[in-house]
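Notes follow once the structure below has been shown.
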Amino acid sequence: MPKRANAPEECRWVFDVFSGEKAERAVELCLRGYTLRKMALLTPMELADLLGYDEVTDAEKAARRLREAAGVDSRPVTLAQLRQRQDRVLKTGVEEFDSKTPWRGVKFGLIYGFAGEYGTGKSLFAKQISAVALAGGLKVAYFDTEGTFDVDSATIENLFKRFGVSNEAVTQFYLYRPTDSFQLIEQIRELPEDVDVIVVDSLVAPFRAEYRGRQLLAPRQQAMLYALNILQRYTRLGKLAIVTDQVMDVPTMFSTKRPAGGNVLLHTVHALFMMERPSKQKLKGKMWPLDVPGMSPDTEIEYEIRSDGLY
Ligand SMILES: Nc1ncnc2c1ncn2[C@@H]1O[C@H](COP(=O)(O)OP(=O)(O)OP(=O)(O)O)[C@@H](O)[C@H]1O
Ligand SMILES: [Mg+2]
């Protein structure tokens, strides 16, 4: 039998919620980084999976006890309370982005999506936002699903120099290299609670690569939706999430491009931008909102790619 006294201080809460073998399992999870707050955000299905409940009702009861213990408030907030909430905003260093977007930068508590063709600067922008966050003393988790993150590259060095990222701040940067979408989901789910900014570059690529063919489209979108759902729960804790996406051609009379993540991405990301670089010979691009609350879709954000990031 597990005992409260044997558990490390930070996991003693487990015994207020669980007993017997479930408590044993919950202590293991707690040691892996599942704090009370994180565990209270799990769905009954996730709890059943992690703790081995056979009955849905038991998992639901556990979820209820966890939420109560964590003080998860199910009451509505008033508009007045919402207005008082001061979520942090980061200036990205892209001048027009910081002046034309509704929050004058990227705002915590939201998921941002950046879609575009290769070489438009999506990864560069994601790294840039990471650098700004690190310089501000924040913790960043960067998921490099395409294996394109080069730690020793001049780009990183230049970015860090531009935004004044100190040597100590580098220890606040966690790089994840998931081998597939399954591992990506597991890693996102097990993120340390004190991470402030989560970057997934690219979110869509592993799902597209693994679920090939039209008949797998539905399970692919379902799996991607689940990954986005976990991110959404983090944004409810006030974290900032950035995801990048490729584009796909829509065969119409005028060839147009749409985010490859499709409707799932459009509906779950809070602010979705398209990025385009009309000429690969030029280092200029433009960004526009595909779906950003409070922003007219004809707004254009022009940017320039330089050796130390976007301007
Ligand atoms: N130091 C530099 N000088 C000039 N151009 C650069 C420099 N660094 C990057 N670029 C350009 O910026 C582009 C941005 O690349 P980035 O990796 O951000 O694109 P991406 O949108 O993530 O593309 P992908 O879909 O392939 O991942 C590169 O293709 C390159 O042309
Ligand atoms: Mg990229």
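The values are calculated or read from the model by the stated rules, or taken from the named source; none is laboratory data. Only a predicted model underlies this, so the values are computations on that prediction, with no experimental measurement involved. As a convention, Cβ positions derive from the backbone with ideal geometry for all residues, glycine included, and neighbour counts pool all protein chains shown. Just the protein is used for accessible areas: all its heavy atoms, side chains included, with ligands, DNA and RNA removed. Shrake-Rupley method; radii C 1.70, N 1.55, O 1.52, S 1.80 Å.
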Counting only residues that are surrounded by fewer than 16 Cβ atoms within 10 Å (Cβ to Cβ), over 14 Å from residue 67 (Cβ atoms) and of a type in the set (Lys, Arg), how many does the range 23-43 have? 1
The range 259-303: number of residues that are under 14 Å from residue 117 (Cβ atoms) and within 16 Å of ligand 2 (Cβ to nearest atom): 10
(1) within 14 Å of ligand 2 (Cβ to nearest atom); (2) in a strand (DSSP E or B) all hold for residue 149 apart from (2)
Residue by residue through the range 45-66, note down the ones that are open to solvent by 90 Å² or more (accessible area, probe 1.4 Å) and part of a helix (DSSP H, G or I). 45, 49, 56, 61, 64, 65
Flag if residue 235 is in contact with a Leu (Cβ under 7 Å, 6 or more places away or on another chain) and of a type in the set (Ser, Thr, Tyr): yes
Quick one: which strands (runs of 3 or more DSSP E) lie wholly within the range 212-306 and hold at least 3 residues that are open to solvent by less than 70 Å² (accessible area, probe 1.4 Å) and more than 27 Å from residue 178 (Cβ to Cβ)? 284-291, 301-306
Which of the following residues is hydrophobic (A, V, I, L, M, F, W, C), surrounded by 15 or more Cβ atoms within 10 Å (Cβ to Cβ) and modelled with pLDDT of 95 or more: 173, 149? 173
Check whether at least one residue in the range 106-117 is closer than 18 Å to residue 290 by Cβ, acidic (Asp, Glu) and either outside the structural domain of residue 258 (by TED's automatic domain parsing) or assigned to a loop (DSSP other than H, G, I, E, B) (or both), and report yes or no. yes
Kindly indicate whether any position in the range 99-116 is polar (S, T, N, Q) and within 16 Å of ligand 2 (Cβ to nearest atom). no
Do we have any residue at all in the range 112-127 that's in contact (Cβ under 8 Å) with a residue 24 or more places away in the chain, buried (at least 23 other Cβ atoms within 10 Å of the Cβ), more than 9 Å from ligand 1 (Cβ to nearest atom) and β-branched (Val, Ile, Thr)? no
Scanning the range 195-211 for residues that are of a type in the set (Ser, Thr, Tyr) and open to solvent by less than 10 Å² (accessible area, probe 1.4 Å) gives 202
Only residues that are surrounded by 15 or more Cβ atoms within 10 Å (Cβ to Cβ) and in contact (Cβ under 8 Å) with a residue 40 or more places away in the chain: list them for the range 159-170, please. 159, 162, 163
Does residue 192 count as within 16 Å of ligand 1 (Cβ to nearest atom), open to solvent by less than 50 Å² (accessible area, probe 1.4 Å) and either in the same structural domain as residue 118 (by TED's automatic domain parsing) or within 13 Å of residue 142 (Cα to Cα) (or both)? no
If we keep only residues of the range 176-209 that are part of a strand (DSSP E or B) and of a type outside the set (Ser, Thr, Tyr), then the residue farthest from the chain's Cα centre (by Cα) is 201
Sort out which residues of the range 152-175 are closer than 23 Å to residue 124 by Cβ and either of a type in the set (A, V, I, L, M) or part of a loop (DSSP other than H, G, I, E, B) (or both), and write them in order of number. 152, 153, 154, 156, 159, 164, 165, 166, 167, 169, 170, 175
State which residue is nearest to ligand 1 (Cβ to nearest atom) when the search covers only the range 79-102 and only residues that are open to solvent by 70 Å² or more (accessible area, probe 1.4 Å) and not charged (D, E, K, R). 86
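One line per residue, one yes/no per condition, for (1) away from ligand 2 (no atom under 16 Å from the Cβ); (2) within 30 Å of residue 133 (Cα to Cα):
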{"position": "218", "(1), (2)": "yes, no"}
{"position": "223", "(1), (2)": "yes, yes"}
{"position": "228", "(1), (2)": "yes, yes"}
{"position": "232", "(1), (2)": "yes, yes"}
{"position": "235", "(1), (2)": "yes, yes"}
{"position": "240", "(1), (2)": "yes, yes"}
{"position": "246", "(1), (2)": "no, yes"}
{"position": "250", "(1), (2)": "yes, no"}
